[in-house]
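What follows is a short report on a single structure.
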């Protein structure tokens, strides 16, 4: 018997096989079927036939469903995709909350990251503060863009620069060349004794300048009239510190200072200098008029020992001016070489220390990179922990760009925290840093707009550098892989992380090698045989007491601990005084040799323990030795002279001609930066400026007291000031010592940061693989086997880092050592030691961590609830 | 026999034309089409509903459920202003097509 309701139910069931027929549609069709059925019944069909007719009228389920599917596709295509706003303020709080929550949850990780970044940023800040101070040297001169120093070619080798010019050059060019608006000479006149009432002291940096000095250099005159300071030849201008020393709070201008117990000089001005870093260092200024008044021939073109500075018209053609100045030199002193270039005053200091600026900036950036790498590595290593968060964000509609923004934002926030910490660190360590660099550095400089912008830029760059890789890494992550439950996320990017570890350790190894090499060179300098004995030599400046020198010398020699005394003109600290016009037996017409000239006395050889190569040294037993010469081996070689002893030699400047009586073995009379150059020695008591005493290493204090007492009896008005030669010589290598020290600190910091990073990385790795360790242990692996498994990978990386670092540091240090004529070799052991220390540090870091994990109870590792 | 393509193209304008006279429900629309065309337009009833759904998606018609006189719930469709515009434009198009076709095939029949 046909049952309509059953038939309709069956028919509906058939329709429901297609999921497009939802309830609403199904109702449509059912009603239609019923209408059609009713119509067929009305037409006279029986129930079953009417139903069949109605069903066929409605059509097959498949064809109808396919039409609905088409509609659904149209609808899907037509639905506008979700376009979340570019900036969703509601999410910002969420981002911040996540960062803070992560900081709290992973304390060790956050500590490593932030401290690393803070230390890196602090290093950068310190170095860039120092660089900014160095770069600002001589930057304060009002006409700085047109202020030049004249650089001549050296007389013998014109390609070598020489800063000294003939005495009358500066006034001559000012008179002849309209382009020269002002010009001044500068001559250092050494140490002078100043006396005001009871205050007696030596001033080390006394300088003679022309009146234009005040129009050219912008050291502000805080007392005195700039146009009239030098109207009197016996005038002196003091720096604020010097004036303070003699006059305290009193007005200095108008007071009289007795110089060298001989000249009364009127203080006419006080300059501020402390705040104005300059390559010109002075305590007081005298006028060239004083030299004229003292009888110096101001028109002597042969007197070539003066620095010359010019202020040019802004429109001047430099090449033209240079040629014109050269013309003036050639016209008046044809034998002197011409002007090589005009050097901008503000570039002088920078050119001198460019190497250091580049070197230290590189080191600062290296340390920062090491810190940034920590950030990248630790962030991506932790990705497993954040994979679910990222997937949820993606599923909820976060775009790639949103995730990049979020992670970059996190990194900026961390950098910001690190930057604040860095500023604290900087203010904490600034005094020590100032002490090492001997520069006046202050955080106040940060108030300067450019510098502040620079630091903010560095901080932003750091945030960007350390955040961009993790950000891209996370944004790339596929949400499905994570949500499916199994996460390999932590292992993703492992090869990049390994690469970064290699970079980090390479940088550290490079720093270690550089530090070791610099320290080795300093040691080499300090311990190398200079060819003379510098230890236990005490020296005293003679001042104006040359004539009494012999008497003092004889008296002092009575002391048993004073072994020998020699009077000389110059200490072994530099080239000294030179000449290129001596003549000698067998000299070819065109053959010129640049000699350094040294005046010594008969006891020189004994005092300094210099060895003879040939002939003999000056001796009082031969009266003719007063006109004789002693050369060094380099001179004999440069002169191409065979068997020099007994040949004549002439030094035209003093019109002295005599025999060469001996040749001393080469010794380093100037810095080890320079090769040993030709020099000759002669006896000339009028030139002696120092008394050098070789004393016994026993009872030094008593010896010094004895010397002081004796000195007082001979020169009550000139207080004694003694120094030890080895200390003074050591000061020549101060910059090396300083860089060695600084580099040592930075290297330690870089290693510390790398180690922290490695520590973090290995901790996360061990945590991720703790189950693996547990299973290995259960299956019978030994603790040693597990430690070996984990350390192997990382040690390989550190070894690769060495392979990268060795050639790089070899090249860098080779370049640096080129600065020295006499240098230590690049020893293989430094490279091996650096490599080993990196391996050791890495091994200890990884080993201890792994050991701890391997020794844990496997049951604890495997338990997961 | 009307081709499948022509049938598909004419469905929407015909439904719009029927609804322009007043609201109606599915079964009734089918009946009207059959009666007017004298059986030359053979629609499969079930195919009407996806078309109606699509037209509703396109905002040409709107629908609402009401209880009919026979105490049967029915979904009534009503033309929208947009639907009316569409109808006018369709009529115009069909007229143009028709005129062009006739002019080409049997020019005498055309009386402008």
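Can you tell which of B:59, B:45 is over 12 Å from the mean Cα position of the chain (by Cα), within 14 Å of another protein chain (Cβ to nearest Cβ) and at pLDDT 90 or above? Show your work before the answer.
Numbers: B:45 fails: at pLDDT 90 or above.
Of B:59, B:45, the one residue that is over 12 Å from the mean Cα position of the chain (by Cα), within 14 Å of another protein chain (Cβ to nearest Cβ) and at pLDDT 90 or above is B:59.
Picking from A:241, A:235, which residue would you name as being surrounded by fewer than 22 Cβ atoms within 10 Å (Cβ to Cβ), in contact with a strand residue (DSSP E or B) (Cβ under 6 Å, 6 or more places away or on another chain) and within 21 Å of residue A:192 (Cβ to Cβ)?
A:235
Out of curiosity, is residue B:5 out of contact with any helix residue (DSSP H, G or I) (no Cβ under 7 Å at 6 or more places or on another chain), more than 14 Å from every other protein chain (Cβ to nearest Cβ) and farther than 17 Å from residue A:25 by Cβ?
Details: out of contact with any helix residue (DSSP H, G or I) (no Cβ under 7 Å at 6 or more places or on another chain): yes; more than 14 Å from every other protein chain (Cβ to nearest Cβ): yes; farther than 17 Å from residue A:25 by Cβ: yes.
Against the criterion (out of contact with any helix residue (DSSP H, G or I) (no Cβ under 7 Å at 6 or more places or on another chain), more than 14 Å from every other protein chain (Cβ to nearest Cβ) and farther than 17 Å from residue A:25 by Cβ), residue B:5 qualifies.
Could you please tell me which pairs satisfy a Cβ distance under 7 Å, a separation of 6+ or placement on different chains, a first residue in the stretch B:1-12 that is touching a residue at least 60 places away in the same chain (Cβ under 8 Å), and a second residue that is assigned to a helix (DSSP H, G or I)?
B:12/B:51; B:12/B:55
Applying the selection to the stretch A:203-226, what residues are surrounded by fewer than 21 Cβ atoms within 10 Å (Cβ to Cβ) and out of contact with any strand residue (DSSP E or B) (no Cβ under 6 Å at 6 or more places or on another chain)?
A:204, A:205, A:211, A:218, A:220, A:225, A:226
Give me a count of the residues in the stretch A:658-675 that are in contact with a helix residue (DSSP H, G or I) (Cβ under 7 Å, 6 or more places away or on another chain), surrounded by fewer than 20 Cβ atoms within 10 Å (Cβ to Cβ) and under 25 Å from residue A:590 (Cβ atoms).
Here is the first cut: in the stretch A:658-675, the ones in contact with a helix residue (DSSP H, G or I) (Cβ under 7 Å, 6 or more places away or on another chain) are A:658, A:661, A:663, A:665-666, A:672.
Those left that are additionally surrounded by fewer than 20 Cβ atoms within 10 Å (Cβ to Cβ): A:658, A:665.
Right, trim to under 25 Å from residue A:590 (Cβ atoms) and you get A:658.
Matching residues across the stretch A:658-675 total 1.
Quick check on my filter: what residues within the stretch A:724-743 are crowded, with 17+ Cβ neighbours inside 10 Å, part of a helix (DSSP H, G or I) and out of contact with any strand residue (DSSP E or B) (no Cβ under 6 Å at 6 or more places or on another chain)?
If the condition is that a residue be crowded, with 17+ Cβ neighbours inside 10 Å, part of a helix (DSSP H, G or I) and out of contact with any strand residue (DSSP E or B) (no Cβ under 6 Å at 6 or more places or on another chain), then A:729, A:736, A:737, A:739, A:740, A:742, A:743 are the ones that fit.
Go through (1) buried (at least 19 other Cβ atoms within 10 Å of the Cβ); (2) facing chain A (nearest Cβ under 10 Å); (3) not in a strand (DSSP E or B) one by one and return the number of the condition residue B:70 breaks.
Here residue B:70 meets the rest and fails (1).
Report, by residue number, each residue of the stretch A:700-716 that is part of a loop (DSSP other than H, G, I, E, B) and either under 43 Å from the mean Cα position of the chain (by Cα) or without any contact (Cβ under 8 Å) to a residue 40 or more places away in the chain (or both).
Residue satisfying the conditions is A:716 alone.
Which of the following residues is over 20 Å from the mean Cα position of the chain (by Cα) and in a helix (DSSP H, G or I): A:379, A:427, A:361?
Working: A:427 fails: over 20 Å from the mean Cα position of the chain (by Cα); A:361 fails: over 20 Å from the mean Cα position of the chain (by Cα).
A:379 is the lone residue from the list that is over 20 Å from the mean Cα position of the chain (by Cα) and in a helix (DSSP H, G or I).
Criterion first (free of Cβ contacts under 8 Å to residues at least 60 places away in the same chain, within 13 Å of another protein chain (Cβ to nearest Cβ) and either over 21 Å from residue A:35 (Cα atoms) or in contact with a helix residue (DSSP H, G or I) (Cβ under 6 Å, 6 or more places away or on another chain) (or both)) does residue B:102 satisfy it?
no
Name every residue in the stretch A:686-699 that is part of a helix (DSSP H, G or I) and either surrounded by 14 or more Cβ atoms within 10 Å (Cβ to Cβ) or under 40 Å from the mean Cα position of the chain (by Cα) (or both), in order of residue number.
The one that is part of a helix (DSSP H, G or I) and either surrounded by 14 or more Cβ atoms within 10 Å (Cβ to Cβ) or under 40 Å from the mean Cα position of the chain (by Cα) (or both): A:687.
One line per residue, one yes/no per condition, for (1) in contact (Cβ under 8 Å) with a residue 40 or more places away in the chain; (2) in contact with a helix residue (DSSP H, G or I) (Cβ under 9 Å, 6 or more places away or on another chain); (3) closer than 30 Å to residue A:642 by Cβ:
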| position | (1), (2), (3) |
| --- | --- |
| A:540 | yes, yes, no |
| A:568 | yes, yes, yes |
| A:585 | yes, no, yes |
| A:613 | yes, yes, yes |
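Among the listed residues B:82, B:64, B:78, identify the single one that is more than 14 Å from chain A (Cβ to nearest Cβ) and outside any helix (DSSP H, G or I).
Values: B:82 fails: outside any helix (DSSP H, G or I); B:64 fails: more than 14 Å from chain A (Cβ to nearest Cβ).
None of the other options fit; the residue is B:78.
Just the residues that are within 41 Å of the chain's Cα centre (by Cα), over 22 Å from residue A:227 (Cα atoms) and in a loop (DSSP other than H, G, I, E, B), please, taken from the stretch A:238-277.
A:248, A:249, A:274, A:275, A:277
Having 1 or more residues that are farther than 24 Å from residue A:740 by Cβ and modelled with pLDDT of 85 or more is the bar; report the strands (runs of 3 or more DSSP E) wholly within the stretch A:516-584 that clear it.
A:537-541, A:562-568
The values are calculated or read from the model by the stated rules, or taken from the named source; none is laboratory data. All of these numbers come straight from a predicted model, not from anything done at the bench. Cβ sites come from the backbone with ideal geometry, for glycine too, and all protein chains shown count toward neighbours.
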